[in-house]
Amino acid sequence: MARKEIIKLENVFFSYNNEEFLKNINLSIYEDDFLGIIGPNGGGKTSLLKLILGLLKPKKGKIQVFGKTPKEGRESIGYLSQFKNIDFDFPITAFEIVLLSRVGKKLFKRHSIQDKEAAEKAIKSLGIWHLKNKTLSELSGGEKQRVFVARALANEPKVLLLDEPLSNLDMHIQEEFYKILKQLNKKIAIVVVDHDLGMVSKYAKEIVCINKCKTHAIKCHDINRLKIKELYYA
């Protein structure tokens with residue numbers, strides 16, 4: 001059977017502060033993909049995710065998300081951004097954090113039984129139901145990451161985008177986290193931005209190297225570390 005394409009970028013250009021940042025990007029993401037995105041800081045990885053989400057607009061080119069515009073199609077995307085500007089001392093429980101993701105479906109309304117069941121299902125899928133009543137300040141780094149992934153999953157997305165989800169976490173936690181993503185990939189597509197070439201190449205089915213105006217897609221089983229290093233620092 002032919003693989004189903006869910007996200008497509010065709011000849012996409014993106015500029016920032018009048019500087020051409022991404023050039024002629026062509027990329028297809030399929031429903032069973034586990035895609036790793038690597039590249040140097042400032043190379044455009046986060047910009048690429050935001051273009052897919054419709055949070056940024058391309059200068060030229062076409063982006064389709066489930067056959068729709070990015071803004072229309074992003075309801076089918078779960079997104080975990082980089083951990084910036086998050087107040088980890090705010091008194092909110094893990095369950096409440098996950099439940100907040102359902103606000104878009106019930107704006108200005110009380111959460112329904114279905115909302116609570118979806119939050120519970122997402123938390124249990126990450127193996128952290130025992131943490132549901134703990135506040136962020138009581139959680140370890142790895143536990144926080146799982147809570148926010150559960151939050152992204154609570155809206156039952158068809159693809160999960162993760163932007164450097166493992167920054168400053170030790171190797172053991174990273175390994176366990178990728179094992180969870182591998183399990184999730186049985187049901188949804190995974191796209192993860194990471195700096196750890198060894199870890200992402202171990203689990204991802206394909207790798208995309210992003211370095212501003214140079215983008216290359218490489219099959220995981222064809223990975224040549226010297227070639228990726230050449231592209232990574234190109």
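Structure values in brief
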item: The range 49-80: number of residues that are assigned to a strand (DSSP E or B), in contact (Cβ under 8 Å) with a residue 24 or more places away in the chain and of a type outside the set (Gly, Ala, Ser); result: 8
item: Subset of the range 143-173 [of a type in the set (D, E, K, R) and under 25 Å from Asp115 (Cα atoms)]; result: Glu143, Lys144, Arg146, Arg151, Glu156, Lys158
item: Members of the range 100-130 found to be modelled with pLDDT of 75 or more and of a type in the set (A, V, I, L, M), listed by number; result: Leu100, Ile113, Ala118, Ala119, Ala122, Ile123, Leu126, Ile128
item: Top-ranked residue in the range 160-175 [being without any contact (Cβ under 8 Å) to a residue 40 or more places away in the chain and surrounded by fewer than 16 Cβ atoms within 10 Å (Cβ to Cβ); ranked as nearest to Ser201 (Cα to Cα)]; result: Glu175
item: Test: residue in the range 48-55 that is hydrophobic (A, V, I, L, M, F, W, C) and exposed (fewer than 14 other Cβ atoms within 10 Å of the Cβ); result: no
item: Tabulated pairs, the range 81-105, first within 12 Å of Glu138 (Cβ to Cβ), second modelled with pLDDT of 70 or more and part of a loop (DSSP other than H, G, I, E, B), C-beta under 6 angstrom, 6+ apart or interchain; result: Thr93/Asn133; Ala94/Lys132; Ala94/Lys134
item: Residue list for the range 11-27, filter: closer than 30 Å to Lys186 by Cα and surrounded by 15 or more Cβ atoms within 10 Å (Cβ to Cβ); result: Val12, Ile25, Leu27
item: Unmet requirement for Ala152, which otherwise passes all of (1) outside any helix (DSSP H, G or I); (2) crowded, with 17+ Cβ neighbours inside 10 Å; result: (1)
item: Cβ pairs under 8 Å, 6+ apart, first in the range 27-48 and over 16 Å from Leu162 (Cα atoms), second among the aromatic types (Phe, Trp, Tyr) and outside any loop (DSSP other than H, G, I, E, B); result: Pro40/Tyr232
item: Answer residue from the range 176-192, given it is touching a Lys or Arg at 6+ places or on another chain (Cβ under 9 Å) and buried (at least 17 other Cβ atoms within 10 Å of the Cβ) and is farthest from His111 (Cα to Cα) among those; result: Tyr178
item: Contacts under 8 angstrom Cβ, first residue in the range 134-155 being β-branched (Val, Ile, Thr), partner in a helix (DSSP H, G or I), 6 or more apart; result: Thr135/Ala94; Val147/Ala94; Val147/Ile97; Val147/Val98; Val147/Ile123; Val147/Leu131; Val147/Leu136; Val149/Ile180
item: Candidates Leu22, Leu9, Leu35 - the one that is outside any loop (DSSP other than H, G, I, E, B), within 15 Å of the chain's Cα centre (by Cα) and more than 16 Å from Ser81 (Cβ to Cβ); result: Leu35
item: Qualifying residue in the range 120-130 (condition: outside any helix (DSSP H, G or I) and within 30 Å of Glu5 (Cβ to Cβ)); result: yes
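The values are calculated or read from the model by the stated rules, or taken from the named source; none is laboratory data. All values reported here derive from a predicted model rather than from experimental measurement. Heads up, the Cβs are rebuilt from the backbone with ideal geometry, glycines too, and the neighbour counts pull from every protein chain shown.
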